[in-house]
1. Looking at (1) more than 30 Å from residue B:344 (Cβ to Cβ); (2) surrounded by 22 or more Cβ atoms within 10 Å (Cβ to Cβ), find the lone condition where residue B:73 falls short.
2. For the stretch A:193-245, enumerate the residues that are surrounded by 17 or more Cβ atoms within 10 Å (Cβ to Cβ), within 14 Å of another protein chain (Cβ to nearest Cβ) and assigned to a loop (DSSP other than H, G, I, E, B).
3. Give me a count of the residues in the stretch B:104-143 that are part of a helix (DSSP H, G or I) and either closer than 20 Å to residue A:203 by Cα or more than 8 Å from every other protein chain (Cβ to nearest Cβ) (or both).
4. Taking into account only those residues within the stretch B:278-299 that are touching a strand residue (DSSP E or B) at 6+ places or on another chain (Cβ under 7 Å) and in a loop (DSSP other than H, G, I, E, B), which is surrounded by the most Cβ atoms within 10 Å (Cβ to Cβ)?
5. What are the residues in the stretch B:104-123 that are more than 22 Å from the chain's Cα centre (by Cα) and surrounded by fewer than 24 Cβ atoms within 10 Å (Cβ to Cβ), if any?
6. Where in the stretch B:183-242 are the strands (runs of 3 or more DSSP E), entirely inside, with at least 1 residues that are farther than 26 Å from residue B:303 by Cα and at pLDDT 95 or above?
7. Given the conditions (1) under 27 Å from residue B:257 (Cα atoms); (2) modelled with pLDDT of 95 or more, and given that residue B:368 satisfies all but one, which numbered condition is not satisfied?
8. Condition first: more than 8 Å from every other protein chain (Cβ to nearest Cβ), touching a residue at least 60 places away in the same chain (Cβ under 8 Å) and crowded, with 23+ Cβ neighbours inside 10 Å. Now tell me which residues in the stretch A:139-177 satisfy that.
């Protein structure tokens, strides 16, 4: 039926000499937004968690998808470049965890602050550094964001404090940024990320203590990708419920492979901090598709070969989003 | 007419009387200020001058400071700007560095620098290296301050000197004041500096009063970081020192002056960047060098000075090898007599000066006063 209509329109266009934009589907077929059910988050010391329904607009969906795609391709390219020895030293790849970075960025404001550990290429991109400057930095060129002097783990941008090489050291730094936000009274928050491997660091517990004492607007986020380097969480942590490890700090456990779940949880956490209630903890359950770093001889995915198909289909973050749109 | 004649007769007296009536300028008032008060006033003035400056550390607020250096500041500025921390150095040093990255200007106090070892990763990897790693994008305007080096009877774990450790690292500025003028001026410079500065105080100097000139009392008085000061001029030998040992060098110089040896005493003031030019110029003049420090000899401040003198023009002017007077290469013992002999004393400095200058030493041996050039030959010539 539509084809007949479009043919007729095309026919009339050439007769009149007017130009008509004809497409097989009109814009009326695209919905401006859709509402989704998202996975309910486990909570610790909270009466209620983030909402389990959310609305995704067309623009947002396309933007998240595009960002995640760019991040994935950038990381895979970095993988290639490392194998060609064009990138040297350390290269910790973020592919698999894209939904975390994109969801967090969607849940905070551009003038909020963010600090993470060495698996930082994704966050460097979401915080505004162009892919060209990231790849130039990785390849040691002066067009890089740190003029080639920093490398993979030391890239900085406005309100983005890296890229930190020492496991766990970024968490007190993040609490310090939150202290500055509170000091200035500007209702900004700081997101301080760390991994399941870092979650046992003493300085993180020192940060929890001071952040809670002084009610710092700090969102502590543990990206739990189930492996600290090569050691699985069961072999490293006596308590693997990382969202509860803050003890006196409320916590949420979030599906880190679903960008909308991450976005809603981050918005919830940011509102909590901005209201002056103090810090909050989020655990994002996610997965990385490469080894710990490019020096890693075998990635955990290979160890679980039979499950990898499952993982790719069930938990690949952008496939989830793509199928939904 | 009579008044005029009177005036003329009185002459000089009248003039003097006339002058006496004027309001004449008082001589500049210098004050006796202890090092503790100098530090306190410097912090007070900088807190007032810039809203972004704040102080955090253990016991700095309600306790008035473990050594009372921050006395009165919490009462004046309140909880927002003078923050008591839990006993978690790694955590609060990291928080201080993070706040500096976000635009504040923290003063992070370590109760002693021995405890900074718990936080040294934050000082070096998070603070010192960041400006370089970010190619200038991210500065860290922080001051780490606290007492450094030997105290009295606090034994091995509380007596280490960290001048050499921190002086080793590019990205840090390291200063070590001696007197009140140093303390005041250098702390102000450190707080105003956009780089991370390690400020090494000395607990035994806190209570010592020094004269502060009127110029040094002004609110904008700063001592430049990276410039040494010649405390005493001399022609025969150069003594280079920092912190408390400067006082010992001056005392040794006073005693040696009676024997006709004029020592030039240089107060380093800054460990990094070291003012080697002042030392070189002095060595070129005196031809002899002795370095004096409280820390251990291996890889220490004196070792660096000697290496740099060898690498520069002053080497050709040395008439004798440069000598280091340092703390003894052992963990600090507790017993007073052992502790006293583990840090340089005035007699050790004098001994090294005389040995370098090849001046005979007066040594007491078996009740006899002997003149010899070296203690060893006394035992040999038995």
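1. All conditions are met except number (2).
2. Across the stretch A:193-245, the qualifying residues are A:201, A:216, A:217.
3. So the first thing to find is which residues in the stretch B:104-143 are part of a helix (DSSP H, G or I), and the list is B:113-128, B:130-133.
Then keep just the ones that are either closer than 20 Å to residue A:203 by Cα or more than 8 Å from every other protein chain (Cβ to nearest Cβ) (or both); that gives B:113-128, B:130-131.
Total satisfying the criteria: 18.
4. B:293
5. Filtering the stretch B:104-123 down to residues more than 22 Å from the chain's Cα centre (by Cα) leaves B:104-105, B:118-119, B:121-122.
Once the filter is applied, which keeps residues that are more than 22 Å from the chain's Cα centre (by Cα) and surrounded by fewer than 24 Cβ atoms within 10 Å (Cβ to Cβ), the stretch B:104-123 yields B:104, B:105, B:118, B:121.
6. Values: elements: B:197-201, B:209-212, B:229-232, B:237-241.
Once the strands (runs of 3 or more DSSP E) in the stretch B:183-242 are filtered for at least 1 residues that are farther than 26 Å from residue B:303 by Cα and at pLDDT 95 or above, what remains is B:209-212.
7. Result: residue B:368 passes all but (2).
8. Once the filter is applied, which keeps residues that are more than 8 Å from every other protein chain (Cβ to nearest Cβ), touching a residue at least 60 places away in the same chain (Cβ under 8 Å) and crowded, with 23+ Cβ neighbours inside 10 Å, the stretch A:139-177 yields only A:152.
The values are calculated or read from the model by the stated rules, or taken from the named source; none is laboratory data. Everything numeric in this text was worked out from a predicted model, so none of it was measured. Backbone-built Cβ (ideal geometry, glycine too); neighbour counts: all protein chains shown.
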